[in-house]
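Since every read-out is calculated from the coordinates, none of them should be taken as a lab result. What you see is a predicted model, and the numbers here were worked out from it, not measured in a lab. Cβ placement follows ideal geometry from the backbone for every residue including glycine, while neighbour counts extend to all protein chains displayed.
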Amino acid sequence: MLLAGTAVIAPCGAVQAQAVTPAGTTAGTTITNTATASYSVGGTTNSVSSNPATFKVDRKVNLTVEVDQASTTPVTLSQQNAVTRFKVTNNTNDVQDFRLLAHQALDFPGGLLPGTDTFDLQAIKVVADDGDGIYDPIKDVLTYIDELAPDTSRVVYIVGNVAAGAPAGQSNVALEAIAAAGGAIGSEGAILLPTDLNILNQNNEIDIVFADSDNDTLLGPDAARNGRGWAYAGYSLALTALDVSVAKTATVLSDGLGSLNPKAIPGATVQYCLTVANGTLLSTAQDVRLIDVVPTGTTYVPGSISVGGLGLAGQCLLNGVPIADNGSTTGTYGGSYDVGSRTVTAIIGSLAGGTSVAASFRVTVN
């Protein structure tokens with residue numbers, strides 16, 4: 001039996017990154033300046049200082065969210081803790097927390113994430129790296145980025161499990177990072193809200209100004225100056241083996257004596273039934289063939305091949321389509337008998353997940 005699975009390998013979309021600029025002077029910094037006026041009276045030079053002009057630097061909120069891997073993450077059926085890797089950079093002029101959200105089942109236009117989403121991960125979650133850049137399910141458990149300094153980055157992982165019956169193809173995921181208030185170690189800050197730009201600047205207050213760009217260029221859910229950033233990645237599942245099984249039975253149909261319970265005596269006709277089943281749900285086995293060599297001590301009954309029947313535990317409950325010995329096909333099924341090698345071949349073709357097909361042929365006992 002020869003099985004060919006479906007293989008899908010898709011590259012990650014182009015790295016999505018918002019405009020990167022240095023964070024600049026720390027928010028809340030007080031900048032003070034005085035001016036001096038000089039003048040001369042009777043040949044004497046004098047000077048006088050102004051009052052100090054003081055203001056506080058406002059918070060310019062900006063961030064970069066990008067994929068931190070070169071291609072989609074290859075996975076296998078039933079794999080646990082499959083990881084896609086991202087990077088969040090704080091371009092804000094202050095320490096920031098960042099709330100992290102994982103999204104899946106995403107099909108975006110414009111090449112952000114090539115390929116159609118064919119399966120979802122189970123138990124999906126998002127966690128921030130502990131600083132060593134290597135995913136560890138024991139250590140990497142924080143679900144937000146805590147106290148990220150200006151102009152520094154943190155690796156973030158989207159993690160999930162692959163179902164045993166997942167179909168071949170791609171699972172698309174997205175990371176959304178949201179700017180939140182920093183300043184309290186070990187506690188997730190509240191999501192930042194921008195200061196109303198219609199209000200005049202107050203020199204003694206720290207206004208919040210969103211300066212992030214639209215990182216997915218109007219094709220996805222992000223928007224400019226919303227304090228959020230998105231990046232997109234994927235998992236690729238290539239099936240090279242499925243849960244395919246074959247059961248075989250031999251049933252004496254007649255013994256030439258008219259017995260109600262025929263026996264396998266010389267001259268008896270015996271039917272072999274082969275039932276092939278695909279136990280991998282939602283995944284189709286391609287180019288399915290059954291091959292059987294007629295055993296010594298028996299003779300093949302010409303024209304007895306049947307394909308496409310109903311079988312249970314190897315027993316043929318209902319025969320399928322008759323197949324000629326010369327290798328011709330009937331609809332989707334085919335088969336042949338090779339006299340030289342005494343080989344019976346049944347061609348089934350595609351076998352959908354969770355289904356089975358039976359084939360049979362007959363021999364006489366020598």
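Before moving on, here are some points about what is shown:
- Ranking of K248, K60 by neighbouring Cβ atoms within 10 Å, starting from the fewest: K248, K60.
- With the gyration tensor restricted to C-alpha atoms of the chain, the semi-axes of the equivalent ellipsoid amount to 76, 17, 14 Å, longest first.
- Burial ranking of peptide ranges 334-345, 63-74, 130-141, 89-100 (average Cβ count within 10 Å, highest at the top): 89-100, 63-74, 334-345, 130-141
- A Cα-only calculation for the stretch 183-305 places Rg and Dmax at 36.4, 111 Å.
- Remark: spin-label model distance N51-A238 equals 7.4 nm, labels positioned 7 Å along the Cα→Cβ axis.
- Cα-derived Rg over Rh, computed across the stretch 244-365 with Rh taken as Kirkwood radius: 0.99
- At R0 = 35 Å, FRET efficiency that the Cβ-Cβ distance of A149 and N198 yields, to 0.05: 0.65
- Fewest-first sequence of T44, T118, T275 by Cβ atoms within 10 Å of each Cβ: T44, T118, T275
- Overall Cα dimensions of the stretch 144-217 - principal axes, largest extent first, Å: 60, 33, 21
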